[in-house]
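First, the structure itself, so that you have it in front of you.
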């Protein structure tokens with residue numbers, strides 16, 4: 001690719017772009033799309049646009065096509081823009097890398113929440129089929145899906161999704177790159193709409209606020225999950241015992257999964273680590289972790305302490321079972337005491 005093929009150092013700012021009544025339903029109001037992209041080998045794609053900024057622009061797609069299409073481009077900035085009435089997608093980034101979307105609002109239907117037609121919301125606000133992008137301080141107020149991520153090494157920070165409630169079939173953030181996701185979701189607000197992760201590998205979800213029974217769904221494609229951390233989040237629900245993290249399908253390969261330190265109100269806690277204390281005069285104590293642990297019948301590490309009231313000699317004791325996420329501790333005689341047990345599901 002020669003330097004003359006590269007379009008760069010352009011700033012487009014201010015004004016409104018509005019689709020006409022006959023605007024093509026598969027088109028976008030602005031397309032960074034070189035004909036060379038269609039001819040290129042997928043393994044040898046180049047970059048045809050670089051250092052282009054869109055600022056202070058209203059994109060009104062008239063419920064027909066999309067707003068902005070970016071293909072085979074690098075260092076594209078979308079700042080302080082407004083995308084409405086998209087029929088397909090507000091922003092679609094394909095291949096290339098380093099598209100930064102910031103301080104931007106996107107919604108198929110203009111509303112402030114509680115729209116009576118919310119069930120009919122469709123389309124996707126942002127579709128990142130590309131690597132190394134950042135979405136920062138963005139609000140998505142109506143769409144079927146808020147953000148789809150199918151590229152690696154993307155980061156979402158300060159995103160507020162209230163696009164379409166999970167109860168109506170909506171998804172706030174959908175990480176659709178099973179097996180090697182490499183995604184960071186930090187300090188986001190999932191407002192009645194949740195996160196779906198397909199076979200998450202190296203995914204980090206932290207400092208988020210989930211409201212209205214919004215949660216995280218781990219969706220099995222090939223049954224692989226590794227390097228997933230869901231920590232230090234807040235969950236607030238309607239007291240219907242919905243789990244903060246749910247598993248859809250079966251995961252046969254589970255490794256380095258840490259779900260911990262989340263505070264929960266009105267929902268059911270799920271974790272990959274837990275502690276319980278069981279007391280009583282007995283020679284057998286059962287610590288049942290099945291309501292708390294995320295994965296069924298998968299306790300990989302156990303630590304426990306036996307304490308005995310009084311000055312009687314300490315009995316012989318041992319863990320005799322960890323089946324069905326229940327830890328059984330038995331002693332060789334009845335004593336007045338109890339056990340404190342810690343377990344985790346981190347490793348293989």
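The values are calculated or read from the model by the stated rules, or taken from the named source; none is laboratory data. Because the structure is predicted, anything quoted here is derived from the model rather than measured. Neighbour counts run over all protein chains shown; Cβ positions are idealised from the backbone, glycine included.
Looking at 242, 219 in this structure, which one is assigned by TED's automatic domain parsing to the domain that holds residue 144, at pLDDT 95 or above and more than 16 Å from residue 149 (Cβ to Cβ)?
242
At least 1 residues that are more than 24 Å from residue 337 (Cα to Cα) and under 20 Å from the mean Cα position of the chain (by Cα) in each: list the strands (runs of 3 or more DSSP E) lying fully within the stretch 244-294 that qualify.
Once the strands (runs of 3 or more DSSP E) in the stretch 244-294 are filtered for at least 1 residues that are more than 24 Å from residue 337 (Cα to Cα) and under 20 Å from the mean Cα position of the chain (by Cα), what remains is 245-248, 253-260, 263-265.
Kindly evaluate residue 131 against the criterion of being surrounded by fewer than 21 Cβ atoms within 10 Å (Cβ to Cβ), at pLDDT below 95, assigned by TED's automatic domain parsing to the domain that holds residue 63 and in contact with a strand residue (DSSP E or B) (Cβ under 9 Å, 6 or more places away or on another chain).
No; evaluated as a whole, the condition is false for this residue.
Could you pull out the residue among 112, 173 that is surrounded by fewer than 24 Cβ atoms within 10 Å (Cβ to Cβ) and out of contact with any helix residue (DSSP H, G or I) (no Cβ under 9 Å at 6 or more places or on another chain)?
112
Something else: Evaluate the following for residue 83: is it part of a strand (DSSP E or B) and surrounded by 17 or more Cβ atoms within 10 Å (Cβ to Cβ)?
Judged against the criteria, residue 83 is a match.
Still on this structure, please answer the following. Give the residue, chosen from 136, 104, 88, that is in contact (Cβ under 8 Å) with a residue 24 or more places away in the chain and under 26 Å from residue 201 (Cα atoms).
None of the other options fit; the residue is 136.
Let me ask another. Which number in (1) under 24 Å from residue 259 (Cβ atoms); (2) at pLDDT below 95 marks the one condition that residue 96 misses?
Of (1) under 24 Å from residue 259 (Cβ atoms); (2) at pLDDT below 95, only one is false for residue 96: (1).
Which of the numbered conditions does residue 37 fail, given that it passes all the others? Conditions: (1) surrounded by 15 or more Cβ atoms within 10 Å (Cβ to Cβ); (2) outside any strand (DSSP E or B); (3) modelled with pLDDT of 85 or more.
Of the numbered conditions (1) surrounded by 15 or more Cβ atoms within 10 Å (Cβ to Cβ); (2) outside any strand (DSSP E or B); (3) modelled with pLDDT of 85 or more, the odd one out for residue 37 is (3).
Before we move on, is residue 113 at pLDDT below 95 and under 22 Å from residue 183 (Cα atoms)?
In short, no.
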